[in-house]
Amino acid sequence: HATHPTTAFALSRLANPDTLHHTPIGVFRSVERPIYDTLMNNQLDTAIEQQGKGDLASLLAGKDTWTVVG
């Protein structure tokens, strides 16, 4: 549960082809972090509460447009 991955990274690199039976294997570091999907859904829910549900058609046909001439 170490904050920094330094020790776990070092352990993961202790492999020697001649002594594979001494190679460390397993979980070297276990860290609990927020789940990306949960954070994203919370952010979307907050945006909808504050600004209302978006409308893609209105966004695409909005007044703030420009034309590329080339």
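The values are calculated or read from the model by the stated rules, or taken from the named source; none is laboratory data. Keep in mind the model is a prediction, meaning the values are calculated, not measured. Positions of Cβ are backbone-derived with ideal geometry, glycine not excepted, and every protein chain shown enters the neighbour counts. These accessible areas exclude ligands, DNA and RNA; they are computed on the full protein's heavy atoms, side chains included. Shrake-Rupley method; radii C 1.70, N 1.55, O 1.52, S 1.80 Å.
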Number of the condition not met by G70 [criteria: (1) open to solvent by 70 Å² or more (accessible area, probe 1.4 Å); (2) part of a helix (DSSP H, G or I)]: (2)
Failed condition for L59, given (1) in contact (Cβ under 8 Å) with a residue 12 or more places away in the chain; (2) open to solvent by 90 Å² or more (accessible area, probe 1.4 Å); (3) part of a helix (DSSP H, G or I), with all others met? (1)
Please indicate, with yes or no, whether at least one residue in the stretch 25-33 is among the basic types (K, R) and surrounded by 10 or more Cβ atoms within 10 Å (Cβ to Cβ). yes
Just name the residue that is farthest from the chain's Cα centre (by Cα) out of those in the stretch 1-53 that are assigned to a helix (DSSP H, G or I) and aromatic (F, W, Y). F9
